[in-house]
Amino acid sequence: MPFDIGNILRPKNTILQRCQRDEGTKARLKYNPWYHHIDSQNGCRIQVDGREMLMMSSNDYLGLSNHPRVIQAGQEALQKWGSSTTGSRLANGSRSFHRDLEQQLAAFLGKEDAMVLSAGYLACMGAVSTFAEKGDLILVDRNVHSSLWSGILLSGANVERFAHNNPSDLQDILVTEDRDRPKMVVVEGVYSMEGHIAPLQELIEVCRPFNCFFVVDDAHGLGVLGDRGQGTVGYLDRTNDVDVICGSLSKSMASTGGFIAGSKTIIEYLRSHSKQTIFSAAISPTQAAAAKTSLDILQDEPEHRERLWENTRYYKRMLNQIGANIWESETPAVPIIVGNKERAYRIWKALMDEDIFTVISIPPGVPPGKDLIRTAVSAQHTFEDLERMVDVLKKSLKKV
Ligand SMILES: Cc1ncc(COP(=O)(O)O)c(C=O)c1O
């Protein structure tokens with residue numbers, strides 16, 4: 001190789017080198033467990049690399065993303081409004097359909113007002129970072145979603161983690177803290193990986209003497225829990241005790257985007273201060289229309305939620321019969337805990353080889369030792385789909 005003086009003089013780009021050497025990326029590319037491109041989809045049937053597969057890992061709990069009313073609403077919105085809002089809500093991006101969706105969502109959740117943002121991640125991040133600031137204390141369930149951790153970091157507040165779904169651990173921390181310090185408590189309504197429901201009544205009782213601002217991310221509770229699908233907070237009758245309900249429109253709501261709901265004061269403060277709103281383009285016409293129509297369907301077609309829960313009970317009964325560890329999931333988000341990443345990979349692969357699409361989650365996405373195959377039930381699954389899944393899983397668990 002000819003001698004190149006430039007190579008010696010050129011300063012090292014260490015960030016580029018970090019990217020080139022990253023072990024996580026090398027392992028991902030070698031084992032290829034994520035980023036599989038789906039070529040077509042019809043409900044729970046998908047095509048991947050020319051193979052028909054059963055989708056067992058989607059968050060389309062109610063199966064509304066293919067609902068004719070949702071598709072029609074999206075098409076009409078595209079025709080009427082075009083493809084983009086081309087600006088942030090604060091500037092040129094606000095449309096009357098945003099206001100309609102927000103008013104409908106707020107009423108549905110039992111809150112005075114709501115804001116819709118362009119991703120659930122941004123909404124949950126903003127629901128924390130907009131209200132907490134340096135000097136405040138945030139008390140957070142250890143297992144919350146990455147979006148909430150991002151909000152905590154951005155806020156600059158101090159943070160204390162309490163044990164997952166453990167009100168007495170929260171209390172032990174609260175009693176040692178300065179009573180006058182502003183405090184925020186951050187939990188999920190339904191935990192996305194575990195499928196656990198937060199014990200909101202007990203958590204709120206523990207917090208009552210300490211005047212905490214209470215934030216619930218209900219991305220996986222909306223549409224799933226409650227007699228109308230209004231989510232965990234309504235289901236547990238704690239609407240007046242929770243200051244902020246945030247979440248995603250990408251699960252039961254068959255769209256993309258996120259929301260934050262609360263009192264008028266809280267949402268007006270958010271409109272003034274949320275960076276995630278002020279500096280990011282508003283959600284598109286088609287996505288807002290899909291979410292709004294899903295909200296209508298939640299209320300006038302209860303059969304989707306009924307079917308979801310029928311499927312969930314049937315699936316869990318079979319999983320219990322084969323001795324699968326489902327981490328005591330209480331909802332349609334059903335993890336299969338397998339304990340380490342090698343095993344998770346091999347079971348996931350065995351399922352893929354039998355044309356069943358699932359997703360693995362390993363630390364830091366889940367606590368150490370909780371490496372899992374994430375499955376989620378949809379209203380669109382048939383009993384035969386679920387039987388097939390359990391049958392293949394049973395063989396895989398035995399083999400690996
Ligand atoms: C609990 C929770 N919060 C927030 C989000 C972010 O939502 P989105 O995918 O709409 O950005 C997710 C999505 O994975 C989630 O599971």
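List of remarks:
- When restricted to residues that are in contact with a His (Cβ under 9 Å, 6 or more places away or on another chain) and assigned to a strand (DSSP E or B), region 17-54 contains 2.
- Being touching a strand residue (DSSP E or B) at 6+ places or on another chain (Cβ under 9 Å), within 16 Å of the ligand (Cβ to nearest atom), part of a strand (DSSP E or B) and small (Gly, Ala, Ser) is a property that GLY195 lacks.
- Condition check for THR375: more than 19 Å from TRP34 (Cα to Cα) and either outside the structural domain of PHE108 (by the TED database) or not in a loop (DSSP other than H, G, I, E, B) (or both): no
- In region 219-260, the residues that are part of a loop (DSSP other than H, G, I, E, B), within 18 Å of ILE283 (Cβ to Cβ) and either in contact with a strand residue (DSSP E or B) (Cβ under 9 Å, 6 or more places away or on another chain) or within 10 Å of the ligand (Cβ to nearest atom) (or both): ALA219, LEU222, LEU249, SER250, LYS251, MET253, SER255, THR256, GLY257
- Checking ALA106, ALA132 one by one, the residue that is under 16 Å from HIS273 (Cβ atoms) and in contact with a Gly (Cβ under 9 Å, 6 or more places away or on another chain) is ALA132 and no other.
- Criterion violated by VAL70 - all others in (1) out of contact with any helix residue (DSSP H, G or I) (no Cβ under 9 Å at 6 or more places or on another chain); (2) part of a helix (DSSP H, G or I); (3) surrounded by 18 or more Cβ atoms within 10 Å (Cβ to Cβ) satisfied: (1)
- Of all the residues in region 99-157, those that are away from the ligand (no atom under 16 Å from the Cβ), in a helix (DSSP H, G or I) and buried (at least 18 other Cβ atoms within 10 Å of the Cβ) number 4.
- Within region 88-101, at least one residue is free of Cβ contacts under 8 Å to residues at least 24 places away in the same chain and under 18 Å from ILE266 (Cβ atoms).
- Just one of the numbered conditions (1) within 12 Å of the ligand (Cβ to nearest atom); (2) closer than 24 Å to GLY93 by Cβ; (3) in a strand (DSSP E or B) is not true of VAL187: (2).
- Verdict on THR176 being hydroxyl-bearing (Ser, Thr, Tyr), away from the ligand (no atom under 16 Å from the Cβ) and at negative phi: yes
- Of all the residues in region 371-381, those that are touching a helix residue (DSSP H, G or I) at 6+ places or on another chain (Cβ under 9 Å) and in contact (Cβ under 8 Å) with a residue 60 or more places away in the chain number 7.
- Every condition in (1) in a loop (DSSP other than H, G, I, E, B); (2) in contact with a helix residue (DSSP H, G or I) (Cβ under 7 Å, 6 or more places away or on another chain) holds for THR286 except the one numbered (1).
- Considering (1) surrounded by 24 or more Cβ atoms within 10 Å (Cβ to Cβ); (2) over 13 Å from LEU62 (Cβ atoms); (3) of a type in the set (Ser, Thr, Tyr), the lone condition that SER280 does not fulfil carries the number (1).
- Which numbered condition PHE279 fails, given (1) away from the ligand (no atom under 15 Å from the Cβ); (2) over 29 Å from LEU78 (Cβ atoms): (2)
- Among the conditions (1) of a type in the set (Asp, Glu); (2) outside the structural domain of ALA379 (by the TED database); (3) free of Cβ contacts under 8 Å to residues at least 12 places away in the same chain, the only one that GLU310 does not satisfy is (2).
The values are calculated or read from the model by the stated rules, or taken from the named source; none is laboratory data. Nothing here was measured: the structure is a model prediction, and the numbers come from that model. We place every Cβ from the backbone using ideal geometry, glycine too, and count neighbours over all the protein chains shown.
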